[in-house]
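Any read-out appearing in this document is the output of simple, stated calculations on the displayed coordinates, not a laboratory observation. For clarity, every value in this text was computed on a predicted model and none was experimentally measured. Here the Cβ positions follow ideal geometry from the backbone for every residue, glycine too, while neighbour counts run over all protein chains shown.
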Amino acid sequence: MPVDETETQVILTHPSDPNTKVTILKYGATVISWLNKGEEKLWVSEGAFLDGSKPVRGGIPLVFPVFGKQKSEAHPTFKLPQHGFARNSTWEFLGQTTANPPTVEFGLGPEQVSPDLLKLWGDGSYDFTLILTIKLEEDKLTTLIDIENRGSKEFEFNWLFHTYYRIPDITDTLVNNLVDQSCFDQLLAEEYTEKSPVISFHEEFDRIYQKVPLDKTFQIIEFGKVLFNLHRINLNDTVVWNPWIKKSEATADFFPKNGYLNMLCVEPGNVSSFVKLGAGEKWQGGQELSLGGEIKVQTNIY
Ligand SMILES: O=P(O)(O)OC[C@H]1O[C@@H](O)[C@H](O)[C@@H](O)[C@@H]1O
């Protein structure tokens, strides 16, 4: 059976390998496991709540319609909690669209969002449909989001796939192809140009790389071996985050406390500015996560 549905989860199994699977929690339409030939590729905290009481700490939470917490009181997303409401609403499972590669869709509209949260976005005056498509190939996982404004008023939104990669050791991990990109450092509250040809990790890290050309593929590398490739579809920004020691300690659902050694978030989205969507308009963004291959160095001069 390539797709199994339970009350709370949907599981896709690749037809050519029973140990290549993706598990999606209906709550948040959160991918909570990507197993490739029996090996887990995503990090989920052992302290994560999977019962729908709190967004999942790990996997691929979905961020919409605001990233972080909006600072301007005048903005219609100002009252929303950090990262919006998509990750803490139960999405509708819309079914399977393709048998091979197994592909499924989930939907979110105002009906699925709790009225208390909904009224915090533009006083509940927006109408929208979000369709999340998840496709599992042998060595590749694709997540696509389609957003439609079904109301009569324009709205603005951020979108982000908050992907938590599982890695053997953060202190041996590098990320490439961000050199010469403009970045906003959330810890320093400063904007500058990234000068490192490869990023390495020695302390808390929280940067938004802004407007990175879409032909840049980011690779997560360990000891010269490519672990992951991230290809973006219409998602110009990428957040790179590791909480390191103190922030992991301070985060109640982050467990084990040294789990920061085994995770890295590389999160493609549109967060440095809002996407505007007029009445009846549609927008799509996506990420393709693939495994292995050669190191590919991309600079701004090629
Ligand atoms: O604790 P949350 O809401 O899941 O957020 C986790 C992190 O998410 C990252 O995307 C942000 O850049 C960080 O600033 C934030 O701490």
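So the values come out like this:
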item: Under the Karplus curve 6.51 cos²θ - 1.76 cosθ + 1.60, θ = phi - 60°, whole-Hz ³J(HN,Hα) for the stretch 32-46, x wherever Gly or Pro sits; result: 10, 7, 10, 9, 10, 6, x, 10, 6, 9, 10, 9, 10, 4, 5
item: Dimensionless Rg over Rh [the stretch 112-203; C-alpha; Kirkwood]; result: 1.08
item: Dipole axis of the chain (+1 Lys, Arg; -1 Asp, Glu on Cβ), positive-most option in Gly52, Leu80, Gly293; result: Leu80
item: The stretch 1-144: antiparallel DSSP beta bridges as a percent of all, rounded to 5; result: 95 percent
item: Theoretical ellipticity at 222 nm over the chain - DSSP helices of four or more residues, -39500 (n - 2.57) apiece, nearest 500; result: -1000 deg cm²/dmol
item: Long-range amide H partners of Val3 with built H, under 5 Å; result: Thr13
item: Likely footprinting exposure, Phe64, Phe223, fewest C-beta neighbours within 10 Å first; result: Phe223, Phe64
item: Cross-link partners of Lys276 among lysines (Cα-Cα below 17 Å; sequence separation of 8 or more within a chain); result: Lys153, Lys211
item: Simple Cβ-charge dipole of the stretch 3-291, Lys/Arg +1 and Asp/Glu -1, about Cα centre, in debye nearest 20; result: 240 debye
item: Dipole axis of the stretch 110-213 (+1 Lys, Arg; -1 Asp, Glu on Cβ), positive-most option in Thr129, Val212, Phe157; result: Thr129
item: Exposure proxy ranking, count of Cβ atoms within 10 Å, fewest first, for Leu187, Leu261; result: Leu187, Leu261
item: Low-density loop positions, GluC sites (Glu not before Pro), the stretch 132-239 - DSSP coil, at most 14 other Cβ in 10 Å; result: Glu138, Glu154, Glu203
item: Derived scalar couplings ³J(HN,Hα) [the stretch 248-253; Karplus, 6.51 cos²θ - 1.76 cosθ + 1.60; whole Hz; x for Gly, Pro]; result: 5, 4, 7, 9, 4, 8
item: Fewest-first ranking of Thr238, Thr171, using other Cβ atoms within 10 Å as the exposure measure; result: Thr171, Thr238
item: Relative compactness, the chain, computed as alpha-carbon Rg over 2.2 N^0.38 Å; result: 0.96
